Structure formats: C-alpha cells, structure tokens
1. Given the criteria at pLDDT below 90 and buried (at least 16 other Cβ atoms within 10 Å of the Cβ), does residue 101 qualify?
2. Answer yes or no as to whether residue 150 is over 30 Å from residue 46 (Cα atoms) and part of a helix (DSSP H, G or I).
3. Check the stretch 37-53 and report whether any residue there is under 17 Å from residue 4 (Cβ atoms), in contact (Cβ under 8 Å) with a residue 12 or more places away in the chain, in a loop (DSSP other than H, G, I, E, B) and out of contact with any helix residue (DSSP H, G or I) (no Cβ under 9 Å at 6 or more places or on another chain).
4. Between 143, 182, 204, which is touching a helix residue (DSSP H, G or I) at 6+ places or on another chain (Cβ under 9 Å) and over 21 Å from residue 110 (Cα atoms)?
5. Mind checking whether some residue in the stretch 92-115 is over 28 Å from residue 9 (Cα atoms) and touching a residue at least 24 places away in the same chain (Cβ under 8 Å)?
6. State the number of residues belonging to the stretch 104-119 that are over 30 Å from residue 287 (Cα atoms) and in contact with a helix residue (DSSP H, G or I) (Cβ under 9 Å, 6 or more places away or on another chain).
7. Given the conditions (1) surrounded by fewer than 17 Cβ atoms within 10 Å (Cβ to Cβ); (2) part of a loop (DSSP other than H, G, I, E, B); (3) not assigned by TED's automatic domain parsing to the domain that holds residue 42, and given that residue 257 satisfies all but one, which numbered condition is not satisfied?
8. Which of the numbered conditions does residue 233 fail, given that it passes all the others? Conditions: (1) free of Cβ contacts under 8 Å to residues at least 40 places away in the same chain; (2) surrounded by fewer than 13 Cβ atoms within 10 Å (Cβ to Cβ); (3) part of a helix (DSSP H, G or I).
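The values are calculated or read from the model by the stated rules, or taken from the named source; none is laboratory data. Worth saying up front: this structure is predicted, and the values here are computed from it rather than measured. Note that we place each Cβ from the backbone using ideal geometry, even for glycine, and neighbour counts take in every protein chain shown.
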C-alpha cells in the first residue's frame, strides 16, 4: 500500500524542521503545501527552505509560479498529485508540509467539482476587479449572486473574482457548486495516511512569530526582496502582494511607515494570521494527530 505523511500547522511552528527530520527517518521527499511559498519572488519573507535544506532532501513545489499566476486549491492539488505519484514511483515517502489548510483538505478529502472557467471571462473579471476595486466588484456580485456576496467581505478581491467568474461562466452560483460532493481526495483511494497538526503554546508561538520576522527584516535582504517584487508592478489584489509583511514593507519603502512601525505592524499581522490558522486546523482537522511542542 502506498503511504504518505501530512503535516500542517501555523506559521513559525517549526513544520519545516520537523519535515526534514521525518524525511531523513523515512527516506522521504518534501512537498510544499504553503500558498505563498509557491511563488518564486517570495523566498526570504515566506521562510522558504534554504539551499542547505534543499541539498539534504528533495523539495517540490517551492517557488515554481510567478506572482501574476495565482494558484487555486484545485490547481495546487493537481500539481501535488503529480509530484506525489512521482515520489511513490521512486519508492520514496511523500511528506506534504505547509500552513495552507485548504490545500491539505483538497488533497486529502477532495474538492467540489467546478467546471472549467472560460479563460476570456476569467481575464476580463480579473482586469475589472483590479481596475474598479473590490468594493464595486462586490456590488456587482450582489446583483448576480447575492448568496456568495453575503459570504464574502467587500475587500476580499480574490474570492470575489472567483465567485464572479463562476457565475458568469457557468450561470450557477459558486455556492451551488461547493455544495456538490467532494471528489478526488486521497481518502477515497488505497493510501495509508499519517496526518499530523503541529501546534505550540500560544504565547510561545507568538514570540516565535515576532522573533522570526524581526530577524528577517534586520538582515536587510527582505527589504530588497519586496523592492524587487514592486518592480514587477503586479496588481495589489494578487495573493503575492498580500503575503505576510509585504504590504507593511511596501509602505516602508514608499516612506509611509518607520522601520520600527513596519516591524511592529508585520508582527501583529503574523500573530493574527497564526491564530486563525490554529483555529482552522483545530476545527477542520479534529481527527488529525496533534503534536504539541
């Protein structure tokens, strides 16, 4: 029987180190399940594995997409399945690690099947949302698909775009498609899964979040990384532009924030995000083994 190890948990919890340890123990290869580490422009600020770690163990799906090429859960799942099949074919153990719970959920339990979206409609919707802003797009969604509009905040441009392109392309609400049975998950196949959630004491986790970001920004390279990101002139509504710390550092580069305020605001955002992650993992993966460090 094919086997796989899955490891989720909040940012700064120590997932990468534990995954490396398990890879050595189980002759494994590591597969990224972090929605920001998939973008090539974000190496330092997302704490991507370094050269030494990459040389120790094969790593997959890190920094493979450009920032203007957004990755959905379905797309990641399809990419991950191809990589995992390749790891199995080599007689190795896939170790899937990351903090994006929706990616892990899609891989293990499957996704509701939404038909392929017309590319012309997708491009038009994305362009309009970028040009007009998410609040106007939200009003349009309220007219076309009031149920989804009620579910989404006016500032959530990525999900608003998704809901608009689905209703315009299929004629049906995304809510209806999401209500369809989930398919394509490992749970429906002959796979032995070892599923783990890595958690820490909240105060300790917050301190780790604070220290990690402080080290990143004080080293200086992360400022240049974000400066390079700005040079691509990506729309602000793209996920890559909303990664933890990126908006705050952009404000600093533009002269709208002090160095100290940039650190403080980024640390707050990181702590808030880690709290949401812990809540999500506890609620959605209640049957996964909890590892408390």
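1. When the stated conditions are applied, residue 101 does not pass them.
2. Criteria met by residue 150.
3. Among the residues of the stretch 37-53, not one is under 17 Å from residue 4 (Cβ atoms), in contact (Cβ under 8 Å) with a residue 12 or more places away in the chain, in a loop (DSSP other than H, G, I, E, B) and out of contact with any helix residue (DSSP H, G or I) (no Cβ under 9 Å at 6 or more places or on another chain), which makes the answer no.
4. Testing whether each residue is touching a helix residue (DSSP H, G or I) at 6+ places or on another chain (Cβ under 9 Å) and over 21 Å from residue 110 (Cα atoms) leaves just 143.
5. Yes: one or more hits.
6. Looking only at that region, the number is 4.
7. (1)
8. (3)
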